[in-house]
Amino acid sequence: MALNRKIAYINLSNGEVETAPIPLEMRRLYLGGRGMDMYLLYNHTKQGIDPLGPDNVFLVSAGILVGTLASASARTHVAAKSPLTGFVGSSNMGGFFAPELRWAGFDHLVIKGKAKKPVYLWINDGEIEIRDASNLWGQGVFDTQETIRQELGDEEVKAMCCGPAGENLVRFANVMTGLKNSGGRTGMGAVMGSKNLKAIAVRGTMDIEIKHPEQALEYDEQMINKVNRTKFAQIMQKWGTMFIYGVTNSTGLIRCQNFQLNQLVGGNIECEHIEEVDFGTEGCFGCVIHCRPKYIIKEGPYAGTYAQGPEYTSQGAFGMEVGCNNFNTILVGNHLVNTYGMDTLETGSMIAWAMELYEKGILTDKDTDGLKLEWGNDEAVIEMIHRIAERKGLGDILAEGPLRAAEKIGKDSLKYNIQVKGMSNLHSDERPSPSLALGIATGSRGSDHLRSRPAIDLYHLPEHVLRKIYGNPTPYDGPLTSDYTDYEGKPRMVQWQEMVYEAVDCLGICKYHTIFLSPNLLSFDEFSKLLYYNTGIEMSPQEIWEVADRAYTVERLFNIREGLTREHDWLVDRYFDEPTPTGLPIVRGKKIDREKFKKMIDEYYELHGWDENGVPRPETLEKLGLDKEPSHKL
Amino acid sequence: MQKILLVDSEKCTGCRMCEMVCSVKHEGVSNPTRSRIHVIKWEAEGLALPMICQQCESPPCMAVCPKDAISRDEELGRIVIDYDLCIGCKMCVVACPFGGMGVDAVARKVVKCDLCDGDPICVRFCQPEALQYVPLSTVNLRKKRGAGLKFAELMSRFA
């Protein structure tokens with residue numbers, strides 16, 4: 001049955017492998033995927049461990065609905081203590097790895113220790129083997145996967161791996177599967193590299209039971225029709241997330257030249273440019289949105305290269321943030337980070353930050369080995385990607401991530417760094433939108449748009465529509481405002497989105513199929529039905545919310561154990577001190593109000609049942625059954 | 001009117017939803033290795049092609065079957081297996097040039113697309129319409145219209 005997938009404990013230091021069933025009781029508490037990973041992270045690490053040492057644990061999982069009849073149930077989750085932030089490391093990717101892992105018999109991998117030499121795991125129909133990866137070390141992301149397939153003699157093998165950036169312990173190296181699916185954030189690739197674990201290959205032919213096949217088919221058909229009918233899906237099918245740029249740039253909601261402008265003047269990087277180089281889009285497993293353009297680079301030294309993407313994040317990383325107005329630079333940059341296995345967002349943000357330091361004279365030609373780190377210098381941006389991944393010169397410093405790099409560079413450099421908890425922000429400017437600002441300030445893995453972003457706040461939806469969404473499945477009768485520049489009622493939106501994103505990450509469904517960029521997509525009611533038809537587990541929408549609440553609180557407990565305080569839920573000064581220079585009248589001249597923001601955080605803590613320091617109250621822990629953690633049930 | 005399951009590989013996004021719904025519909029489980037349809041991919045080139053029984057007019061599988069267990073259902077235009085006669089020798093699997101005849105390793109039997117008795121589930125779930133179930137008589141015209149559109153576009157560039 002769908003629930004007989006096992007957990008495997010793999011010790012790379014001594015080669016021991018153990019497997020165990022996952023009790024239904026644990027399923028009801030955490031479902032799977034990210035939720036269960038957070039429990040495992042809290043239970044299998046000790047306070048203060050070195051994230052890049054053998055005591056860290058590397059967790060890989062599939063959501064509980066992966067490979068079943070649920071919309072885009074393709075997500076792999078990875079977790080560890082983050083080498084970037086020192087807090088929760090957690091990232092999520094699409095593709096075909098997670099379903100294959102489940103067909104091979106596993107839902108969760110708990111990887112400990114450190115191998116003496118490079119290895120990869122080969123998981124096939126219930127069996128796990130640790131194999132030599134000497135020949136893979138140094139290979140790019142996609143080459144690694146192809147070499148594994150050749151070695152194992154099976155074209156259908158799916159693999160996830162770290163790239164050279166992970167081997168070089170770049171603190172924002174990612175894990176990847178396929179050409180572009182990336183567990184991008186919090187440096188999970190560096191954790192793989194630190195363990196000498198190059199890749200995990202899977203192939204499975206085992207049944208996943210669908211509890212109620214007829215109803216599951218019928219309901220899934222309804223759901224994919226619902227998803228497919230949204231304007232959002234239809235746009236994504238054409239251009240992927242790059243469509244967002246047209247809206248955010250014209251409004252003035254982007255970070256340009258690090259944090260100096262909130263609009264890019266020009267117009268060479270609109271999503272439509274992808275049509276000049278793409279030949280269709282590809283989907284992840286079971287997805288009707290298929291948002292990944294397949295393109296061939298047409299110009300420059302990489303001409304003729306086939307790649308996938310880019311996403312909105314790469315448009316920011318190698319476009320507006322670094323002041324480049326050249327679509328080809330975005331295509332090349334995207335291809336390079338995906339070959340090195342490096343978070344596109346963090347890479348772009350680090351380069352943009354270095355460019356501002358160069359402009360301010362904090363970094364000079366001596367520091368850059370003569371590289372002119374000037375806004376819009378496309379060659380310099382591409383060169384810096386290589387230097388970071390290979391840890392050369394200034395790249396070696398930037399590879400350490402925002403806070404460590406700022407400490408090494410010194411002077412006023414930290415002031416120009418756009419980060420929260422040591423992780424860089426998306427290339428978005430949240431000064432006009434307090435709800436989005438609160439989301440990045442409080443996100444459990446640092447500044448991030450996929451933890452709690454109430455993106456639909458930007459749509460000015462009428463209050464009764466907001467109430468229908470944000471008033472369920474737990475009651476809420478506080479304020480809700482349609483104006484995205486307002487501070488009222490926004491903490492609830494952030495909390496609600498946190499819960500919905502945590503829930504889908506436990507289920508293994510893609511966030512694009514849920515209420516994220518479209519208000520018409522799936523939410524707790526649908527999750528409850530999908531869970532029942534596919535697995536037979538009966539849980540109400542409220543109970544699924546409670547799972548999300550529990551998992552998010554475990555993330556909070558982990559962070560607190562690792563030294564998180566209220567001060568970490570805060571933005572850098574520039575958000576409060578520098579007003580936005582451009583944009584539409586509604587966003588121009590906006591900055592975040594410190595006092596109102598403090599009040600928002602108080603309200604946000606209160607909604608969670610946390611005290612004024614952001615620590616979960618004893619009664620909250622008791623309510624969620626977390627008063628006896630760590631409980632070591634798995 | 002007889003219909004055929006038409007594959008348009010240019011529209012395929014490679015999501016493999018067809019494999020999953022096929023195995024759920026026929027076997028009640030999610031397991032692509034037990035599906036009748038498979039999306040064959042060349043990841044390094046970004047190509048995907050759904051492969052399935054072509055319901056041939058002169059089926060090699062039928063010709064080689066030593067027990068005459070394979071026959072043609074004229075009403076639906078499909079090739080069917082009579083499991084009462086089938087001895088599981090897999091000669092049909094060897095003979096099929098497309099891999100349309102498969103082996104279900106769990107149930108230990110040869111399996112092939114049965115067009116879901118006239119309402120193929122894969123077609124219902126294929127939103128990009130890479131899989132279509134269309135009247136046999138219109139296939140040719142549909143292809144001509146598609147090709148004609150490309151031709152017209154090309155001509156307009158030089159007009």
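The values are calculated or read from the model by the stated rules, or taken from the named source; none is laboratory data. Because the structure is predicted, anything quoted here is derived from the model rather than measured. For neighbour counting, all protein chains shown are included, and Cβ atoms are generated from backbone atoms with ideal geometry for every residue, glycine included.
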statement: Residues in region A:179-189 that are within 14 Å of another protein chain (Cβ to nearest Cβ), crowded, with 24+ Cβ neighbours inside 10 Å and assigned to a loop (DSSP other than H, G, I, E, B) total 1
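One line per residue, one yes/no per condition, for (1) in a helix (DSSP H, G or I); (2) within 14 Å of chain A (Cβ to nearest Cβ); (3) over 14 Å from B:Ser35 (Cα atoms); (4) touching a His at 6+ places or on another chain (Cβ under 9 Å):
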| residue | (1), (2), (3), (4) |
| --- | --- |
| B:Asp68 | no, no, yes, no |
| B:Asp84 | no, no, yes, no |
| B:Cys92 | yes, no, yes, no |
| B:Gly100 | no, no, no, no |
| B:Glu129 | no, yes, yes, no |
| B:Ser137 | yes, no, yes, no |
| B:Arg142 | yes, no, yes, no |
query: Which residue out of A:Asp143, A:Asp154 is closer than 30 Å to A:Glu400 by Cα and either more than 12 Å from chain B (Cβ to nearest Cβ) or not basic (Lys, Arg) (or both)?
result: A:Asp143
task: Give the number of residues within region A:190-213 that are within 13 Å of chain B (Cβ to nearest Cβ) and part of a helix (DSSP H, G or I).
output: 1
- prompt: Does A:Lys294 satisfy the condition of being within 14 Å of chain B (Cβ to nearest Cβ) and of a type in the set (D, E, K, R)?
  reply: yes
- prompt: Looking only at region A:580-596, which residues are within 17 Å of A:Gln263 (Cβ to Cβ) and surrounded by 12 or more Cβ atoms within 10 Å (Cβ to Cβ)?
  reply: A:Thr580, A:Pro581, A:Thr582, A:Gly583, A:Leu584, A:Ile586, A:Val587, A:Arg588, A:Gly589, A:Lys590, A:Lys591
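One line per residue, one yes/no per condition, for (1) outside the structural domain of A:Lys198 (by TED's automatic domain parsing); (2) surrounded by fewer than 23 Cβ atoms within 10 Å (Cβ to Cβ); (3) over 24 Å from A:Asn174 (Cα atoms):
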residue: A:Lys6; (1), (2), (3): no, yes, yes
residue: A:Leu29; (1), (2), (3): no, yes, yes
residue: A:Lys46; (1), (2), (3): no, yes, no
residue: A:Ala79; (1), (2), (3): no, no, no
residue: A:Val88; (1), (2), (3): no, no, no
residue: A:Gly95; (1), (2), (3): no, no, no
task: Kindly indicate which of A:Lys591, A:Lys633 is under 30 Å from A:Gly252 (Cα atoms) and touching a residue at least 40 places away in the same chain (Cβ under 8 Å).
output: A:Lys591
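This table checks each residue for (1) within 14 Å of another protein chain (Cβ to nearest Cβ); (2) not in a loop (DSSP other than H, G, I, E, B).
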position	(1), (2)
B:Cys22	yes, yes
B:His26	yes, yes
B:Arg36	no, no
B:Ala48	yes, yes
B:Gln55	no, no
B:Cys61	no, yes
statement: The condition of being among the hydroxyl-bearing types (Ser, Thr, Tyr), surrounded by fewer than 24 Cβ atoms within 10 Å (Cβ to Cβ) and away from chain B (no Cβ under 14 Å) holds, among A:Tyr306, A:Tyr340, A:Tyr312, A:Tyr302, only for A:Tyr302
message: Just to verify a result, which residue in region B:102-127, among those that are within 14 Å of chain A (Cβ to nearest Cβ) and in a helix (DSSP H, G or I), is surrounded by the fewest Cβ atoms within 10 Å (Cβ to Cβ)?
response: B:Arg124
message: Filter region A:521-557 down to the residues that are among the hydroxyl-bearing types (Ser, Thr, Tyr) and touching a residue at least 60 places away in the same chain (Cβ under 8 Å) and list them by number.
response: A:Tyr532, A:Tyr533, A:Thr535, A:Ser540, A:Tyr552, A:Thr553
Selection from region A:399-416 of residues that are under 20 Å from the mean Cα position of the chain (by Cα) and surrounded by 21 or more Cβ atoms within 10 Å (Cβ to Cβ): A:Ala399, A:Glu400, A:Gly401, A:Pro402
- prompt: For region A:438-449, does any single residue satisfy the condition of being of a type in the set (A, V, I, L, M, F, W, C) and in a loop (DSSP other than H, G, I, E, B)?
  reply: no
field: Members of region A:240-276 that are of a type in the set (S, T, N, Q) and assigned to a loop (DSSP other than H, G, I, E, B)
entry: A:Gln257, A:Asn258, A:Gln260, A:Asn262, A:Gln263, A:Asn268
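Residues are listed down the side, and each one gets a yes or a no for (1) of a type in the set (D, E, K, R); (2) within 14 Å of chain B (Cβ to nearest Cβ):
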site: A:Lys226; (1), (2): yes, yes
site: A:Thr230; (1), (2): no, yes
site: A:Ser250; (1), (2): no, no
site: A:Cys256; (1), (2): no, no
site: A:Asn268; (1), (2): no, no
site: A:Glu276; (1), (2): yes, no
Boolean, A:Val465 is out of contact with any Leu (no Cβ under 8 Å at 6 or more places or on another chain) and either assigned to a helix (DSSP H, G or I) or surrounded by fewer than 19 Cβ atoms within 10 Å (Cβ to Cβ) (or both): yes
